[in-house]
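Student: Attaching a single structure in structure tokens format; questions to follow.
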Amino acid sequence: MYLSRFLSIHALWVTVSSVMQPYPLVWGHYDVCKTQIYTEEGKVWDYMACQPESTDMTKYLKVKLDPPDITCGDPPETFCAMGNPYMCNNECDASTPELAHPPELMFDFEGRHPSTFWQSATWKEYPKPLQVNITLSWSKTIELTDNIVITFESGRPDQMILEKSLDYGRTWQPYQYYATDCLDAFHMDPKSVKDLSQHTVLEIICTEEYSTGYMTNSKIIHFEIKDRFAFFAGPWLRNMASLYGQLDTTKKLRDFFTVTDLRIRLLRPAVGEIFVDELHLARYFYAISDIKVHGRCKCNLHATVCVYDNSKLTCECEHNTTGPDCGKCKKNYQGRPWSPGSYLPIPKGTANTCIPSISSIGNPPKFNRIWPNISSLEVSNPKQANVCDNELLHCQNGGTCHNNVRCLCPAAYTGILCEKLRCEESGSCGSDSGQGAPSRGSPALLLPLAALLGTAGPLAI
Ligand SMILES: [Ca+2]
């Protein structure tokens, strides 16, 4: 049981293409929030960073089309094969189940023949553009863990934009542009995700890789999450510790993979030739058979379970946290400010539990287990993943990396990567803190990667 769960979680992360690599053993599972341990004081809870399993998120979304009446079949119409304008014996009729192509057929179980698909009305109003927005909403922040894959039943569109929202659809940012000719369609030079690097990973690109009309066999469009992970975790995603380290310390990177909504903007259907054949406009339409979105609820590393109840996803918060994303401390547990859990140090991370308010228990809480004992990692497993190094897991604020297992921090700083001001822990930051120490979030605290990302062109956030 445990083994099968272990494999299923890890398979999602490490399966690249069809090649199976040995499972990496150096990074944590994050699938347990707490365990009971025995100490001199008896049995106590030991808390760890935790997160829900990655899963098929299409089961939990709401889909909306704009314009709302763009689905074919009302009134019934005949459409032609993309590649053959004289093969026009297909019919779409919304009132006949066998001939209807409603949006839910983009998310049903696929793998049957023929496939089931959503289809738009045809481009009969040419030259007025045939444009459709398909919005997928979760009403919850989710973190993407695998490529977004859209399978078209007919040709892939000549122009399309994939967009994301982080605020429930109030504002939108592009994720990726897709076109047969990027310069012509979007005034952008064509690029592939392979042209990016760690430093430009957040750049929004236009790709021509997935837009070669109906002449090729391929029907699939990707948004390449795993290729972007691979800039940090290596080509086979073996070094997830490195990726987790960066996600932990670089908000822009974490937010890049976080969404509440996705929007597929279909701007121009596949034409397959230079000119639109105005005599056979029933050849042109959009049809999508499948959309894959894998991810997990964002619970700020404070929950392993995300429940779907009353059409709503909610984290089942641990560590004395609450809220849909475990984004705050429970009442009477505000003994220190809320903070998300941390993937560091690998493999168990840090829970950053909310602790009882001083007033609620009478005495200041005894709490000396904020960070697990790092030196024990060195002893228990000499092949343990690096806590710090000189490539990706830099010690910050002048700290130096000692044997890859701990950062030696300057006196004013603390934290696993020297990322925190020591005075913040004691609550004494203020006018007497001296030396002009920067407050949290000031430029001096920005991480090297964040600084680089900030100059990497248009950002999604
Ligand atoms: Ca389908």
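Student: Taking θ as phi - 60°, what are the ³J(HN,Hα) couplings along segment 116-130 by the Karplus curve (6.51, -1.76, 1.60), each to the nearest whole Hz, with x for Gly and Pro?
Tutor: Computed from phi, the couplings for segment 116-130 are 9, 7, 7, 9, 8, 5, 7, 7, 6, 8, 3, x, 4, x, 9 Hz.
Student: While we're on this one: Based on the Cβ-Cβ distance from residue 358 to residue 36, what FRET efficiency comes out when R0 is 30 Å, to the nearest 0.05?
Tutor: The calculated FRET efficiency here is 0.70.
Student: Still on this model: Taking 0.36 nm per residue of separation and subtracting the Cα-Cα distance, what length does fully extending residue 428 through residue 236 add?
Tutor: 64.6 nm
Student: All other residues with a Cβ under 14 Å from the Cβ of residue 263 taken together, and with Lys, Arg as +1 and Asp, Glu as -1, what is their net charge?
Tutor: +1
Student: Further question on the same structure: Can you list the lysines whose alpha carbon is less than 20 Å from that of residue 226, not counting same-chain residues fewer than 8 positions off?
Tutor: Partners within reach: 164, 191, 194, 251, 252, 292, 298.
Student: Separate question: If you take the C-alpha gyration tensor of segment 114-170, multiply each eigenvalue by 5 and take the square root, what semi-axes do you get, largest first, in whole Å?
Tutor: Output for segment 114-170: semi-axes of 26, 16, 11 Å.
Student: Please list the non-local residues whose amide H lies under 5 Å from the amide H of residue 207, H modeled 1.01 Å from N, same-chain partners needing a gap of 5 or more.
Tutor: For residue 207, the qualifying residues are 177, 178, 179, 191.
Student: Where in segment 259-297 are there chymotrypsin sites (Phe, Trp or Tyr not before Pro) that are in a DSSP coil and have at most 10 other Cβ atoms within 10 angstrom of their Cβ?
Tutor: 275
Student: Something else about it: Starting at the first residue of segment 80-95, write each ³J(HN,Hα) from the Karplus equation 6.51 cos²θ - 1.76 cosθ + 1.60 with θ = phi - 60°, in whole Hz, x for Gly and Pro.
Tutor: 9, 5, 4, x, 9, x, 9, 9, 10, 9, 9, 10, 10, 9, 5, 8
Student: Estimate the FRET efficiency between residue 408 and residue 273 by the formula 1/(1 + (r/R0)^6), using the beta-carbon distance for r and 45 Å for R0, to the nearest 0.05.
Tutor: The calculated FRET efficiency here is 0.10.
Student: Mind giving me the nanometre distance, one decimal, between the label points for residue 328 and residue 305, set 7 Å out from Cα along Cα→Cβ?
Tutor: Distance between label points: 2.4 nm.
Student: Quickly work out the residue 389-to-residue 280 label distance, labels modelled 7 Å from Cα along the C-beta direction, and quote it in nm with one decimal.
Tutor: Simple spin-label model gives 5.6 nm for this pair.
Student: Among residues other than residue 205 whose Cβ falls under 13 Å from its Cβ, what is the net charge (Lys/Arg +1, Asp/Glu -1)?
Tutor: Summing Lys/Arg as +1 and Asp/Glu as -1 gives -4.
Student: Whose amide H sits under 5 Å from the amide H of residue 402, counting only residues 5 or more places off or on another chain, with H placed in the peptide plane?
Tutor: 407, 408
Student: Also: I need the chymotrypsin sites (Phe, Trp or Tyr not before Pro) found in segment 43-109, filtered to DSSP loop residues with at most 12 other beta carbons within 10 Å of theirs.
Tutor: Sites meeting the loop and neighbour criteria: 86, 109.
Student: Kindly provide the trypsin sites (Lys or Arg not before Pro) of segment 265-337 that DSSP labels as loop, not H, G, I, E or B, and whose Cβ sees at most 15 other Cβ atoms within 10 Å.
Tutor: Sites meeting the loop and neighbour criteria: 331.
Student: Something else now. Of all the Cα-Cα pairs you can form in segment 126-264, what percent are over 27 Å apart?
Tutor: That fraction is 24 percent.
Student: Starting from 0.36 nm per residue, how many nanometres of slack lie between residue 194 and residue 64 once their C-alpha separation is accounted for?
Tutor: Stretched out fully, the residue 194 to residue 64 stretch lengthens by 43.6 nm.
Student: By how many nm would the segment from residue 170 to residue 95 lengthen if fully extended, with 0.36 nm per residue of separation less the alpha-carbon distance?
Tutor: Stretched fully, the residue 170-residue 95 segment lengthens by 23.6 nm.
Student: Taking only the alpha-carbon positions of segment 55-297 and ignoring solvent, what does the Debye formula give for the base-10 log of I(q)/I(0) at q = 0.10, 0.12, 0.16 Å⁻¹?
Tutor: Each listed q maps to, in turn, -0.49, -0.70, -1.19.
Student: From the backbone phi of segment 42-48, what are the Karplus-calculated ³J(HN,Hα) couplings (6.51 cos²θ - 1.76 cosθ + 1.60, θ = phi - 60°) in whole Hz, Gly and Pro given as x?
Tutor: Values, residue by residue: x, 7, 9, 7, 10, 9, 9 Hz.
Student: Under a no-solvent Debye model with one identical scatterer per Cα of segment 223-285, what's log10 I(q)/I(0) at q = 0.19, 0.20, 0.23 Å⁻¹?
Tutor: After summing over all Cα pairs, the log10 values are -0.76, -0.81, -0.96.
Student: Taking the Cα-to-Cβ direction at residue 56 and at residue 88 and moving 7 Å from each Cα, how far apart do the two end points lie in nm?
Tutor: 3.8 nm
Readers should treat all values here as calculations from the given coordinates under stated rules, not as data from a laboratory. The structure displayed is predicted, hence computed values, not measured ones. Note that we place each Cβ from the backbone using ideal geometry, even for glycine, and neighbour counts take in every protein chain shown.
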